[in-house]
Amino acid sequence: MSRLINQNGLDLVKHFEGLYTDAYTCPAGVPTIGYGHTANVELGQSITPQEAEDILQEDMQIFAVAVEKTIVVELNDNQFAALVSFAFNCGAGNLRASTLCRKLNAGDYDCVPSELARWVKATDPSTGKKRSLAGLVKRRAAEATLFLKQMSEIKASLSEKMPQKVDAEPETVVEQYKVNARSGLRMRAGAGAEFEILATLPLHKTLSTGKEIDNWVEVDLECDGVIDGWVYKTYLVKI
């Protein structure tokens, strides 16, 4: 059986997401319901508190599996829970492509609090501009505190709804390219052929790129500042 998020982590997610039985649009413009659930949500939709609880458990299991597959070093229960909360809020793809992941998998546990603190921006749908949100700052601080704790409870305060689309790290998304591989270009979870294939990008697909490692580059498929995976740069043509 896959590892489960502990109660400390579950309480953190519930606290910051809040319970909303009626669908709403989060600060990043994403339809959301329950405890931060976004898959197949439509405005006007309603659920019961118990349904929200059941959906949250399913979501936590999905992101717990993602963290298990992504982080190769040993994690205690609180460390694991903090990263599940982060992946749920920012996306499993962003966790896989992050500097946090690379450093932590190299054994640098101390980097986690400062790396978490970089993920505090969301794109305002009304202006198209990225801005730091107080709620995200508090959540990243709470996740960092949980990561550093042994087994004690965490207390935090929140004054606004969580955005369900959090922007990637500041150094990413700098140039635009088109896919030049006629049979499609495999996008992977990390910088190397050994990483999981996340998708095959079609010929002429337009995308943005971020940082580069050994001719592998981060790619942003929607050109919205969110890193989706890595591709081999040889098969990209600059626009």
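Spin-label model, Val30/Glu68: points 7 Å from Cα along the beta carbon direction are separated by 2.3 nm.
When you count the other C-beta atoms within 10 angstrom of each residue and take the mean per peptide, 37-45, 203-211, 50-58 line up highest first as 203-211, 50-58, 37-45. Its relative contact order, with pairs defined as Cα atoms under 8 Å and 6+ residues apart, puts the chain at 18 percent.
Computed on the Cα trace of the chain, the radius of gyration divided by the Kirkwood hydrodynamic radius gives Rg/Rh = 0.97. In the range 1-49, one over the average inverse separation of all distinct C-alpha pairs is 11.7 Å, which is the Kirkwood hydrodynamic radius. Mind checking the angle between helix 134-148 and the chain's longest principal axis? C-alpha axes, 0 to 90 degrees, to the nearest 10. That helix lies at roughly 80 degrees to the long axis.
Once C-alpha pairs closer than 8 Å and six or more residues apart are averaged by separation and normalised to the residue number of the range 7-148, the relative contact order reads 23 percent. A simple spin-label model places pseudo-atoms 7 Å from Cα toward Cβ; at Glu212 and Lys238 they are separated by 0.8 nm.
Counting only alpha carbon atoms, the long axis of helix 49-70 and the longest principal axis of the chain meet at about 40°. Rounded to the nearest 10 degrees, the inclination of helix 7-17 to the longest alpha-carbon principal axis of the chain is 80 degrees. Think of it as helices only: each DSSP H run of n ≥ 4 in the chain is worth -39500 (n - 2.57), and spread over all residues that comes to -10000 deg cm²/dmol at 222 nm.
Considering the range 175-238, its Cα convex hull presents a mean projected area of 3.7 nm². Across the range 7-148, Cα-Cα pairs farther apart than 24 Å form 30% of the total.
Values quoted throughout were computed directly from the atomic coordinates according to the rules given, and no laboratory measurement underlies them. Here the structure is a predicted model, which is why all the values come from computation and not from measurement. Using ideal geometry, Cβ is built from the backbone for each residue, glycine included, and neighbour counts are taken over all protein chains shown.
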